[in-house]
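The values are calculated or read from the model by the stated rules, or taken from the named source; none is laboratory data. Just so you know, these numbers come straight off a predicted model, no measurement behind them. Glycine gets a Cβ as well: all are built from the backbone with ideal geometry, and neighbour counts include every protein chain shown.
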């Protein structure tokens, strides 16, 4: 809501008419008192966001506090003071202390205008007094009670100097809060990036706006007609915020012993389920898997046997080829030896001169000779060999003796008949 529309009074109230924060505090302690089977531990803190800087309202002169994030704690303010409280009166006293340290200022529209956003936080932890089936789990809840500064229009508030700077930061953070609400109200596919980090207010309230939380928003409006534009903007913001849906779940922190005990219980429940109606289905599934494994093993053995048989056939074929090659090489060697012997004999037949002696002469029949007596034998002829002698010298090989020629010394003279003719 806009400035001076009653936001701070709605949250704090007065002694006679308490606001939401005092009522919530008393209700929490009343509920804790009624839960006799659980033990509660409650811590409170109070902070403000002034000009985009975080101040601890329970500590005087505190430094500006940073924001951190971890897996265990989520988004938290480092160095923020937390007080353990046992009753509602202690909480209200701390609330009064924080209100005294809060920034207020005077404007044309409000004498005591809030110049910052405040967050009053209660951390509630509870555990069972006696051990139960769920173990020693600790339930943790966080209650954020936020009082926002009002949106301002500079011409109406007449702010200048410090008040003008404060108004700019207030309007900027409220605008970012509106953008976050707009994104959260869209459908999941069209949502896109949510600008939580653009403002420290939305960063601290990230889990409350779009996380594991139940969130309630109170919008205030001024009844004057002059503020009709601001009222319309407030109602539009409220209509968009109604479209945001969160899903709250119980937060539990388990000790090691509690975690081990819970896991044992879950295992026992699973065993019971296995022994129940699902056991037959599981047995059939196991049997099917075993059959598939057996088929796979048989197929593997068959393939192994085929490979072994193929290997044996290949070795046999290679052995036969090697043996055939050796036999072929041996036959080629015998043929070469025989050819060499034949060629030697042919050389002997072709060159009979290599076998004759200096005094040896082989006579042959000649068609030039009619009668042998007309051919006188020269006196210097040492010996005359006939065909029988030729066969003996040449190992029985017969050749054409007519092709042998005599030298000029041993040629017979022509017969008288040839001369007369």
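Exactly one condition in (1) surrounded by fewer than 20 Cβ atoms within 10 Å (Cβ to Cβ); (2) in contact with a strand residue (DSSP E or B) (Cβ under 9 Å, 6 or more places away or on another chain); (3) over 27 Å from residue 168 (Cβ atoms) is not met by residue 91; state its number.
(1)
Just to be sure, is residue 48 crowded, with 18+ Cβ neighbours inside 10 Å, within 23 Å of residue 196 (Cβ to Cβ) and touching a residue at least 24 places away in the same chain (Cβ under 8 Å)?
For residue 48, the condition - crowded, with 18+ Cβ neighbours inside 10 Å, within 23 Å of residue 196 (Cβ to Cβ) and touching a residue at least 24 places away in the same chain (Cβ under 8 Å) - is met.
Which numbered condition trips up residue 174, out of (1) in a helix (DSSP H, G or I); (2) surrounded by fewer than 15 Cβ atoms within 10 Å (Cβ to Cβ)?
Residue 174 satisfies all of (1) in a helix (DSSP H, G or I); (2) surrounded by fewer than 15 Cβ atoms within 10 Å (Cβ to Cβ) except (2).
Quick check on the stretch 58-71: of everything there that is touching a strand residue (DSSP E or B) at 6+ places or on another chain (Cβ under 8 Å) and over 22 Å from residue 171 (Cα atoms), which residue is surrounded by the most Cβ atoms within 10 Å (Cβ to Cβ)?
Looking at the filtered set, the residue picked out is 58.
Select from the stretch 158-168 the residues that are touching a strand residue (DSSP E or B) at 6+ places or on another chain (Cβ under 8 Å) and surrounded by 15 or more Cβ atoms within 10 Å (Cβ to Cβ) and list them in ascending order.
163, 166
Got at least one residue in the stretch 189-199 being surrounded by 14 or more Cβ atoms within 10 Å (Cβ to Cβ), under 42 Å from the mean Cα position of the chain (by Cα) and touching a residue at least 24 places away in the same chain (Cβ under 8 Å)?
Yes, the stretch 189-199 contains at least one residue that is surrounded by 14 or more Cβ atoms within 10 Å (Cβ to Cβ), under 42 Å from the mean Cα position of the chain (by Cα) and touching a residue at least 24 places away in the same chain (Cβ under 8 Å).
Any idea how many residues of the stretch 135-168 are assigned to a loop (DSSP other than H, G, I, E, B) and without any contact (Cβ under 8 Å) to a residue 60 or more places away in the chain?
Adding up the residues that qualify gives 4.
Scan the stretch 139-156 residue by residue and report those that are crowded, with 21+ Cβ neighbours inside 10 Å and modelled with pLDDT under 85.
Matches in the stretch 139-156: 150, 152.
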